[in-house]
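The structure appears below as structure tokens.
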Amino acid sequence: MHATVTSQARDPRTITRPDPVLLKYYLIQACFAVPLFPIFAIANYIRYKTLRYRFDDEGVWMAWGLFFRREINLAYRRIQDIHVSRGIIQRWLGIANVSIQTASGGAAPEMVIEGLLDPDGLRDFLYARMRGARDESDSTERVDDNEPADPTLKLLIEIHEGVASLTDRVRALEEREL
């Protein structure tokens, strides 16, 4: 029915629905609109019941809505920044939102994943994916034992070796001057 705390903490790809605590949060939120409580309560209930998430190898997908269905699909490479937010009521309930921003030019986030028990784990997962990192279970491909297959990794290794060589030369010159 919903992902538990342990499955969320272990693998964010198992998150498909918000935690049921989100419905409590929506009802508390609707209480603040006293004269319009029934309208906000029904709208939030429909949103909660139809809210779906999917995290696959390509990106993040989110959908909600009964009469007017809305779907957002973001590729990991488009993600620019990720923010975790917890209001006072959300902290009290133990949930948080993860806002995902792209370079679309707007100030508002492109996607807000609501009702998460382990938002930090999801944020770390998304950061790893947006940077092209692989899961710990995946092995790094190599052409041979000494050379990585990834050209970016190869370039970074060359830069690291070049900086180390320059550092050694500077130290040698400093020793000669002393």
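Laboratory data are not the source of any read-out in this text; all were calculated from the coordinates shown. Here the structure is a predicted model, which means the values were calculated and not measured. Here the Cβ positions follow ideal geometry from the backbone for every residue, glycine too, while neighbour counts run over all protein chains shown.
Can you compute the equivalent ellipsoid semi-axes for region 3-133, i.e. the square root of 5 times each eigenvalue of the Cα gyration tensor, sorted largest first and rounded to whole Å?
So the equivalent ellipsoid measures 25, 17, 14 Å along its semi-axes.
Rounded to the nearest 0.05, what FRET efficiency is calculated for D124 and S85 with R0 set to 22 Å and r the Cβ-Cβ distance?
The computed FRET efficiency comes out at 0.85.
Toward the positive end of the charge dipole of region 5-130, about the Cα centre and with charges on Cβ (Lys, Arg +1; Asp, Glu -1), which of L23, W92, Y127 goes farthest?
Result: L23, furthest along the dipole toward the positive end.
Sorted by average packing, counted as other Cβ atoms within 10 angstrom per residue and highest first, what order do 154-166, 56-68 take?
56-68, 154-166
So, counting K/R as plus one and D/E as minus one, what does the shell of residues with Cβ under 14 Å around G115 add up to?
+4
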